[in-house]
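Here's the structure, in structure tokens; my notes come after.
A short reminder: the numbers here are calculations on the coordinates, not readings from a lab. Predicted model only: the values in this text are computed from it and were never measured. All Cβ positions, even for glycine, are placed from backbone atoms using ideal geometry, and neighbour counts span all protein chains on display.
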């Protein structure tokens with residue numbers, strides 16, 4: 001993967017990690033309820049789930065590319081249209097919220113880990129997103145395995161860092177989410193629209 005392509009992928013991964021989603025909300029909630037140390041189990045469980053989803057997406061795409069490289073262009077165009085649609089949805093979505101009710105029961109690290117993993121791995125929107133997102137960056141002439149490690153590793157690092165910040169600052173950022181959360185979502189949505197509109201046209 002060329003450095004320029006990787007940098008675009010990195011920016012897109014950060015935008016995805018910061019946009020509203022079940023794992024971000026889960027990390028935020030567990031950080032507030034159980035503290036950042038236990039929330040790490042949730043975060044690393046989610047990272048494992050995302051690696052699983054990225055592997056399904058990339059190697060499924062790779063199998064399709066063995067049939068015809070033309071499919072990559074088709075996937076890019078369909079994926080670009082989906083990313084534009086998703087960007088509009090993120091733009092219009094309400095700010096990520098955190099509603100605290102009764103005190104939480106004590107949870108084990110293992111239960112939090114598997115909750116995070118299942119939240120990421122069983123979300124059909126995640127698989128659909130990566131099936132649209134990853135073809136924009138795949139080089140059919142390069143090693144799919146190497147590209148998998150680069151893309152999965154980059155996304156997991158950005159996701160873990162973002163969710164850890166959310167979990168660590170859960171109580172402090174609640175007022176901030178209410179004030180600027182919508183504008184922040186609009187920024188993330190704009191990133192997805194730009195990727196969806198521009199990347200399929202790259203040579």
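Before moving on, here are some points about what is shown:
- Between residue 7 and residue 73, the contour length at 0.36 nm per residue exceeds the Cα-Cα span by 21.6 nm.
- Of the peptides 113-120, 25-32, the order by per-residue mean of other Cβ atoms within 10 Å, starting with the highest, comes out as 25-32, 113-120.
- Look at 3, 134, 72 and count the other Cβ atoms within 10 Å of each Cβ; fewest to most, that gives 3, 72, 134.
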